[in-house]
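Contents: one structure, followed by commentary.
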Amino acid sequence: MAQSLAQHEWENRVVLLFAPDFENKELKEQLAFFQNDKKGLEDRKLIVYQITPTKVKKDGTPLNGKSEIDSWFKKFKVDKKGFTFILMGLDGGEKMRNSDPVSVEKLFSKIDRMPMRRAEIRRNKN
């Protein structure tokens, strides 16, 4: 799974949603925000991982690899009992972290201010 993140560098931005389980209230709220603007996620090349202490989903599809889940919680210094939102940029660096769900407006505003996103927008206009 660690390679799952590396494979996205320079191709996709990644949102990591850590939660105690898939029924977590904040996780469900975050996913509802995303559900309402799939086109915006696609335009910004966003891949979404849902990570619990026992399972991982990528864009809603379950992945195998339980052995690496603990390393993700450690690497990102995330508490297994709470919700954590992390945005990773195209360069693989952490760009935003929040312990509450993030509106798509706030997320898109953050991404749209990034230099690489600005370049994407300029290229798409031409």
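Brief remarks follow.
- Number of the exception - Gly92 against (1) touching a Lys or Arg at 6+ places or on another chain (Cβ under 8 Å); (2) in contact (Cβ under 8 Å) with a residue 60 or more places away in the chain: (1)
- Residue that is surrounded by the fewest Cβ atoms within 10 Å (Cβ to Cβ), among those in region 33-47 that are touching a strand residue (DSSP E or B) at 6+ places or on another chain (Cβ under 8 Å) and within 19 Å of Met116 (Cα to Cα): Lys45
- Taking the criterion of being out of contact with any strand residue (DSSP E or B) (no Cβ under 9 Å at 6 or more places or on another chain) and either farther than 24 Å from Val104 by Cα or among the aliphatic types (A, V, I, L, M) (or both), the residues of region 54-76 that qualify are Thr54, Ser67, Asp70, Ser71, Lys74, Lys75.
- Here Asp100 meets the list (1) charged (D, E, K, R); (2) surrounded by 15 or more Cβ atoms within 10 Å (Cβ to Cβ); (3) farther than 19 Å from His8 by Cα almost entirely, failing just condition (2).
- Any hit, region 16-32, residues being modelled with pLDDT of 95 or more, assigned to a helix (DSSP H, G or I) and under 26 Å from Met116 (Cβ atoms): yes
- Subset of region 96-126 (residues that are assigned to a strand (DSSP E or B) and either touching a helix residue (DSSP H, G or I) at 6+ places or on another chain (Cβ under 7 Å) or farther than 23 Å from Ala19 by Cα (or both)): Met96
- Against the numbered list (1) touching a residue at least 40 places away in the same chain (Cβ under 8 Å); (2) farther than 30 Å from Arg123 by Cα; (3) more than 14 Å from the chain's Cα centre (by Cα), Asn36 comes up short only at (2).
The values are calculated or read from the model by the stated rules, or taken from the named source; none is laboratory data. Small disclaimer: the values here were computed from a predicted structure and weren't measured. For neighbour counting, all protein chains shown are included, and Cβ atoms are generated from backbone atoms with ideal geometry for every residue, glycine included.
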